[in-house]
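Down below is the structure, laid out as structure tokens.
Read-outs throughout are calculated quantities, based only on the coordinates presented, and are distinct from any laboratory measurement. Because the structure is predicted, anything quoted here is derived from the model rather than measured. Here the Cβ is made from the backbone with ideal geometry for all residues, glycine too, and neighbour counts use every protein chain on show.
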Amino acid sequence: MEIKQDSKFKGLIKRIGAVAVVCVFCLAIALTIAFSVPKGQQVSNVMGQFVLPMNNATVVKDYADDRLQDNPTLKRWEIHLAIDLQSNDMNVFSIYDGVVKSIRSNGLEGKVVEIDHGNGFTSVYSSLENDVNVQENGKVNKGQQIGKASNAAGNEKLTGGHLHFMLYKDGKAVDPNIYLDLQNK
């Protein structure tokens with residue numbers, strides 16, 4: 001009789017052990033997923049649907065919200081909540097369908113076009129030539145040419161002709177590298 005009770009106890013321990021192994025495995029998967037999402041960034045369902053704002057572009061200054069970068073024009077160190085891009089033809093394109101929220105011009109940023117893409121995303125294209133191919137409140141399509149990049153941004157004059165590109169999610173600047181395929185640029 002004592003042997004049967006011992007076998008039942010061993011069987012119970014084996015079942016509990018199997019459940020524990022499954023629980024640890026599930027916890028490991030959940031932690032892997034949780035830590036693979038960039039800290040402080042929310043990955044959107046439109047990720048991968050955006051196109052690049054310039055063809056064959058080179059990143060001349062990358063996004064940096066956690067470290068200072070040199071701005072030789074202003075002779076100071078600052079965070080850079082944008083990516084600066086250059087290309088041979090300097091054509092600038094809308095990264096996604098949307099509506100032009102505003103077109104403005106000032107000495108520091110040059111000509112600026114701001115596009116609302118919906119889902120909380122807004123893109124801002126600065127340092128454009130004065131003549132742009134869009135109008136305020138007008139609709140734009142993904143890949144549609146907005147204008148041409150230039151050296152109109154007074155605050156980055158020494159960078160030369162370039163596009164100063166910013167991306168916002170729910171009103172907060174986000175790293176465009178998370179949403180655009182810029183790894184090979």
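For a paramagnetic label modelled at 7 Å from the Cα of GLU78 toward its Cβ, which residues of region 86-123 fall within the zone defined by backbone nitrogen distances under 11 Å? Within reach of a label on GLU78: 108-109. Basic side chains Lys and Arg get +1 at the Cβ, acidic Asp and Glu get -1 at the Cβ, and with that the dipole of region 58-178 about its Cα centre reaches some 140 debye. Within the shell of other residues whose beta carbon sits under 13 angstrom from the beta carbon of ASN91, the net charge comes to -2, with Lys and Arg scored +1 and Asp and Glu -1. Full extension of the chain between GLN49 and GLN69 yields a length gain of 4.2 nm, computed as 0.36 nm times the residue separation minus the alpha carbon distance. Which of the listed residues, TYR125, GLN135, SER94, is farthest toward the dipole's positive end in region 58-178, when Lys, Arg count +1 and Asp, Glu count -1 at the beta-carbon? Result: GLN135.
Expressed per residue, the C-alpha convex hull volume of region 58-178 stands at 96 Å³.
Taking amide H atoms as placed 1.01 Å from N in the peptide plane, the amide H of LYS61 lies under 5 Å from those of ASP84, each 5 or more residues away in sequence or on another chain. Between LYS142 and GLU129, the contour length at 0.36 nm per residue exceeds the alpha carbon distance by 2.7 nm.
Under the simplified labelling scheme, the THR58-ASP89 pair shows an inter-label distance of 1.8 nm, with each label point 7 Å from Cα along Cα→Cβ.
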